[in-house]
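The values are calculated or read from the model by the stated rules, or taken from the named source; none is laboratory data. Because the structure is predicted, anything quoted here is derived from the model rather than measured. Heads up, the Cβs are rebuilt from the backbone with ideal geometry, glycines too, and the neighbour counts pull from every protein chain shown. Please note that ligands, DNA and RNA were not included when accessible areas were found on the heavy atoms of the full protein model with its side chains. Shrake-Rupley method; radii C 1.70, N 1.55, O 1.52, S 1.80 Å.
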Amino acid sequence: MRQVPFLIGLAIGLAMTGCAAPEPDHEEALASAVDLVVAPDVEQRLAQFVPTELTADLDGLSEAERDVLRHLVAAGRLMDEIFLRQAWEGNPELRERLATADASQAVKAYFEVNFGPWDRLDGREPFIGDQPHPPGAGYYPVDMEPAEFEAWIEAHPEDAPDLTSLTTVVRRDGDGLGAVPYSSAYRKWLVPAAEHLLSAALATDNESLRNFLRLRAGAFTSDDYYESDVAWMDLESPIEVTIGPYETYEDELFGYKSAFEAFVTLNLPQESAALERYKAELPSLELNLPIPEEHKNLDRGTESPIRVVDLVFVGGDSKAGVQTLAFNLPNDERVREAKGSKKVLLRNVMRAKYDQILVPIAERVLAADQIAQVSFDAYFNEVLHHELAHGLGPGKLVIDGRETEVRLELKELYSTLEEAKADVLGIYDILHLIDRGVMPADLRATLEATYVAGLFRAARFGVHEAHGQGVLSQFNYLLEKGALELTEDGRFRAQTDLFPGAIRELASELLMIQATGDYPRAATFLESYGIATPAIVEAIEGLGDVPVDIRPLFPQADELTGN
Ligand code: ZN
């Protein structure tokens, strides 16, 4: 491990022209400042994540395809190493110290779950040591204030594209700031990862997979991901892989920097085909929105493919903390304009969360006669239609002749409102498709109970945080309309006859806030409905022993790569 800081220093020195290499012991200095005092309840914290084996049906794979998987898993493991450093530069050294200091298994495991010493379920408070979490993660100098970054760009506008790039890290360059491309900063892992992708490309006989893997391997050294993102959209392969720098949530300072991750998956073509037909319904779902015609967005593209897959291995960003069950990529607007985006649903992850979390939650919060109504089929469809609903409703706006977007008008409230919209509109759309005979009628009886249990699952991620407010708003709105009622023993019962009307009204309210870009109305809505009432708090407290999420284990990936 000692040579790691030196190698990074060397790469930075090469990449930053006219820039002094940072001291070789930079990382070490960061991590050795962390006191190895550990939170006393670390065992309980770890127990929030129930270890769960995720497997896929590999029986039909040829030897060559197993070889492809082997290389993809190996490349995926390298994403872990990169993301560990993106999350915080001091992480590798701290991991080493934990190993040699004989820290408990629970501490080591929880460090791995969180990719660092800060608890992702506890507002990034430290569970090892007492250093505050750096909002710029490992992307910026830890002592850099946002004002310094902004002032530097103001004084050196020619540096702005590199410093704000999705695929650079920002480092001190003498008295100033410099940008280091990912291909240099993470060369030690990107070069072997690219080699694994090229080996997999050699092994596969699938043309679209080979094309993606070759282009993506090239992107790891060129930092230009556009062409390989386009090739990813065109994948038609039994093995579906997503690997590279994607989401920007880890950069809490500016949201500029993308985090490396990997999903190695097996395609489920029959399930994917079944869902493709809902895509054809998107124009009719837009027409059916409960808002005036002039606010409907009738010329959105509907090209986005949908894939249902089983996860064989997850690496990097998406392995940290709470597990992703569906994603929609790429984020590059140029690719979205040209090719749309692809929704990927991780079926075995959803099944694991359903069994381990949703059913136990339903048993504790739902009225006794509604517990048995919860179904995996409803859960799966609610997640799918949540994802589809993100593509419906207002996006670009014109307000008083000014061109703008919902996102810009609703500012920091946007994502809370948008997530709530997707939840509610997803249910509204399923009800509509059942009415039209597009979805099976027997889904109807399971829809509400599954949705209510799902709200509790989401509310646990933080009733005091912004996203939690969107979830609480749904509870309180439905309670106010009588679509949900509180039983005498503190449980919740959905009122089937009142439910569709209340969902329609709520969808309309959320969509109209978006259509008018009305920030004060959004704030008022969240303030009046996003409240953790005593009944809800009590119900959430009663979930204490239900795990918050799964900690995925991948026995097949371990066997393939001999881990
Ligand atoms: Zn969403």
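How much length would be gained if the chain were fully extended between Ala532 and Asp57, taking 0.36 nm per residue of separation minus their Cα-Cα distance, in nm to one decimal? Intermediate results must be reported in sequence, preceding the final value.
Details: separation 475, 0.36 × 475 = 171.00 nm, distance 4.26 nm.
Extending this stretch completely gives an extra 166.7 nm.
Can you work out the Karplus-derived ³J(HN,Hα) for every residue in segment 244-257? Use 6.51 cos²θ - 1.76 cosθ + 1.60 with θ = phi - 60°, whole Hz, and x for glycine or proline.
So the Karplus estimates, Gly and Pro as x, are x, x, 10, 6, 10, 5, 5, 7, 7, 7, 10, x, 8, 9 Hz.
So what's the Cα pair-distance distribution over segment 176-301, bin width 10 Å, in %?
Here the calculated profile for segment 176-301 is 11, 30, 26, 21, 10, 1.
Over all directions, average the projected area of the Cα convex hull of segment 487-563 and note it in nm². Walk me through the numbers before you get to the answer.
Numbers: hull surface 41.1 nm².
The number I arrive at for segment 487-563 is 10.3 nm².
With axes computed from alpha carbons, what is the tilt in degrees of helix 376-389 against the longest principal axis of the chain, rounded to the nearest 10 within 0 to 90?
That works out to roughly 70 degrees.
Using only the alpha carbons of segment 49-150, what is the convex hull's orientation-averaged projected area in square nanometres?
Details: hull surface 38.1 nm².
Mean projected area of the Cα convex hull: 9.5 nm².
State the three equivalent ellipsoid semi-axes of segment 33-79, derived from the C-alpha gyration tensor as the square roots of 5 times its eigenvalues, in descending order and whole Å.
Details: eigenvalues 277, 60, 4 Å².
Semi-axes from the Cα gyration tensor: 37, 17, 5 Å.
What lysines could a cross-link reach from Lys188, if we take a straight Cα to Cα line under 27 Å and drop same-chain neighbours fewer than 8 places away?
Candidates past the 8-residue exclusion: Lys108, Lys257, Lys319.
Ratio of alpha-carbon Rg to the 2.2 N^0.38 Å globular estimate for the chain, to two decimals, please.
On the way: Rg = 24.0 Å, N = 563, 2.2 N^0.38 = 24.4 Å.
With N residues counted in the chain, Rg over 2.2 N^0.38 Å equals 0.98.
Would you work out the charge dipole size for the chain about its Cα centre, treating the Cβ of every Lys and Arg as +1 and the Cβ of every Asp and Glu as -1, and quote it to the nearest 20 debye?
About 860 debye.
Distance from the Cα centre of segment 191-225 to that of segment 336-390, in angstrom?
Segment 191-225 and segment 336-390 have Cα centres spaced 33 Å from each other.
What's the FRET efficiency of Asp205 with Asp355 using the Cβ-Cβ distance as r and R₀ = 30 Å, to the nearest 0.05?
Step by step, r from the Cβ atoms, then E = 0.25.
Label Lys396 and Asn328 with points 7 Å out from Cα along Cα→Cβ: what is the distance between them in nm?
Distance between label points: 1.8 nm.
Quick one: length gained pulling Gln495 to Asp377 fully straight, 0.36 nm per residue minus the C-alpha distance? Before the final figure, lay out the partial values.
On the way: separation 118, 0.36 × 118 = 42.48 nm, distance 2.05 nm.
Between Gln495 and Asp377, full extension yields an extra 40.4 nm.
Enumerate the lysines that Lys279 could reach by cross-link, defined here as Cα to Cα under 16 Å, with residues fewer than 8 away along the same chain left out.
Leaving aside lysines fewer than 8 places away in the same chain, those within reach of Lys279 are Lys339, Lys342, Lys343.
Once you compute Rg and the Kirkwood Rh from C-alpha atoms, what is the Rg to Rh ratio for segment 113-186?
Details: Rg = 14.3 Å, Rh = 13.7 Å.
Over the Cα atoms of segment 113-186, Rg/Rh equals 1.04.
Any chance you could list the semi-axes, whole Å, largest first, of the equivalent ellipsoid that the Cα gyration tensor gives for segment 172-241, using √(5λ)?
Semi-axes (√(5λ), whole Å): 30, 13, 7.
With axes computed from alpha carbons, what is the tilt in degrees of helix 207-222 against the longest principal axis of the chain, rounded to the nearest 10 within 0 to 90?
The angle comes out at about 50 degrees.
Round to the nearest 10 and give me the degree value, 0 to 90, for the angle of helix 466-480's Cα axis relative to the longest principal axis of the chain.
That works out to roughly 10 degrees.
Using the Karplus curve 6.51 cos²θ - 1.76 cosθ + 1.60 with θ = phi - 60°, work out ³J(HN,Hα) for each residue of segment 47-53 in order, rounded to whole Hz, and write x for Gly and Pro.
Whole-Hz 3J(HN,Hα) from phi for segment 47-53: 5, 5, 10, 7, x, 9, 6.
What Kirkwood hydrodynamic radius do you get for segment 404-551 when you take the inverse of the mean 1/r over all pairs of distinct Cα atoms, in Å?
Numbers: mean 1/r = 0.0625 Å⁻¹.
Radius from the Kirkwood sum: 16.0 Å.
What Kirkwood Rh does segment 37-108 have if only Cα atoms enter the pairwise 1/r average? Answer in Å. List each step's numbers first, then the result.
Numbers: mean 1/r = 0.0645 Å⁻¹.
About 15.5 Å, per the Kirkwood formula over Cα pairs.
Just the Cα atoms of segment 391-484, one point each, no solvent: what log10 I(q)/I(0) does Debye give at q = 0.14 Å⁻¹?
Summing over Cα pairs of segment 391-484 leads to -0.65.
Cα gyration tensor of segment 390-437, axes a ≥ b ≥ c as square roots of the eigenvalues: rounded (a/c below 1.5), prolate (a/b > b/c) or oblate?
On the way: a/c = 4.67, a/b = 1.96, b/c = 2.38.
Since a/c reaches 1.5 but b/c is at least a/b, the shape of segment 390-437 is classed as oblate.
Dividing the alpha-carbon Rg of segment 313-419 by 2.2 N^0.38 Å yields what? Before the final figure, lay out the partial values.
Working: Rg = 17.9 Å, N = 107, 2.2 N^0.38 = 13.0 Å.
For segment 313-419, the normalised Cα radius of gyration comes out at 1.38.
Per the helix-only calculation at 222 nm, which mean residue ellipticity applies to the chain, given -39500 (n - 2.57) for every DSSP H run of n ≥ 4 and division by its residues, nearest 500 deg cm²/dmol? Display every interim value, and only then the final one.
Working: 26 runs with 284 residues, N = 563.
After summing the helix terms and dividing by the residues of the chain, the value is -15000 deg cm²/dmol.
Classify segment 305-362 as rounded, prolate or oblate, taking a ≥ b ≥ c as the square roots of the eigenvalues of its Cα gyration tensor: rounded when a/c is under 1.5, otherwise prolate if a/b is larger than b/c and oblate if not. Show your work: numbers first, answer last.
Numbers: a/c = 2.58, a/b = 2.04, b/c = 1.27.
Judged from the Cα gyration tensor, segment 305-362 comes out prolate (a/c at least 1.5, a/b above b/c).
Answer with one residue from Leu392, Leu413, His432: the one whose Cα lies farthest towards the positive end of the charge dipole of segment 378-463, charges on Cβ with Lys, Arg +1 and Asp, Glu -1.
Of Leu392, Leu413, His432, it is Leu413.
If the chain between Lys481 and Asn297 were fully stretched, how many nm would it gain, using 0.36 nm times the residue separation less the Cα-Cα distance?
Values: separation 184, 0.36 × 184 = 66.24 nm, distance 2.83 nm.
Length gained between Lys481 and Asn297: 63.4 nm.
Of all the Cα-Cα pairs you can form in segment 86-140, what percent are over 14 Å apart?
On the way: 748 of 1485 pairs.
Every Cα pair in segment 86-140 considered, those over 14 Å come to 50 percent.
Using a 1.4 Å probe over the heavy atoms of the protein chains, calculate the carbon and sulfur portion of the accessible area of the chain as a whole percent.
Whole-percent figure for carbon plus sulfur exposure: 50.
Considering all projection directions equally, how large on average is the shadow of the alpha-carbon convex hull of segment 229-306, in square nanometres?
Working: hull surface 31.0 nm².
Convex hull of Cα atoms, orientation-averaged projection: 7.8 nm².
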